[in-house]
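Undergrad: Below is one structure. I have some questions about it.
The values are calculated or read from the model by the stated rules, or taken from the named source; none is laboratory data. Because the structure is predicted, anything quoted here is derived from the model rather than measured. Virtual Cβ from ideal backbone geometry, glycine too; neighbours counted across all protein chains shown.
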């Protein structure tokens, strides 16, 4: 039979008392932006039909640019559409001039970023 001695138990306790690092917010891109060339077109579609889903937008992109887009980019587009809707809903709720300026900055940050820095 295997018995745990006092020294072994102390080692186990020390291992379980690890210090965890806090996460740094991820603000960089690890891959080139797949929607860099068409983001303005997507924004136009969203402004004309704000209730259209990301899946429908992806279908439009695939029909329009079949060699460039596939369903693999759907999750990225869903994140972008969610961010856009968040900015637009804040704009509706907090319709002041100061907030509009902040939202315009945030809306610009949703779209393509030319820097791929870490």
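Undergrad: Among the residues of region 90-107, which ones are loosely packed, with under 11 Cβ neighbours inside 10 Å, assigned to a helix (DSSP H, G or I) and at pLDDT 65 or above?
TA: 92, 93, 101, 105
Undergrad: Could you please let me know if residue 72 is at pLDDT below 90, out of contact with any helix residue (DSSP H, G or I) (no Cβ under 7 Å at 6 or more places or on another chain) and exposed (fewer than 15 other Cβ atoms within 10 Å of the Cβ)?
TA: The answer is no for residue 72.
Undergrad: For the condition surrounded by fewer than 11 Cβ atoms within 10 Å (Cβ to Cβ), under 20 Å from the mean Cα position of the chain (by Cα) and either at pLDDT 65 or above or not in a helix (DSSP H, G or I) (or both), what is the one hit in 2, 51, 67, 33?
TA: 51
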